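All remarks here apply to the structure that follows.
The values are calculated or read from the model by the stated rules, or taken from the named source; none is laboratory data. Computed from a predicted structure; not experimentally measured.
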Amino acid sequence: LKLQSVAAPRHCFAPRMAVCKLHRALSLLLLLLVAVEAKDGKGFFDVDWSDPSHAAMELGWRTAKILMALSPLIVIVMLFCCTKDDPEEEELRRKKKFDFSLAGAD
């Protein structure tokens, strides 16, 4: 008797893979934003480190501004990647869509 392992269908991992891809893309975008310098020559990490608490607050505020600026894009991407209907509900909607009768037909 030979036992075979049953692998999950590939579509089961699709949402998880989409979230991973989204995470990678956002991480890359954040790294690019950090690497790019502003017009006045001030980089993302160029803060006054003589007062560490003020520097941490400044970095937190800069990060918050970037996240607020990208939040509409993040929401749109998450909307397309992470929404999924039940297969039964989707099938019912498709049947309703084409379930009609013509006025002259018996």
Is it the case that Glu58 is among the acidic types (Asp, Glu) and at pLDDT 90 or above? yes
Output the number of residues of region 30-55 satisfying the condition of being modelled with pLDDT of 80 or more and in a helix (DSSP H, G or I). 4
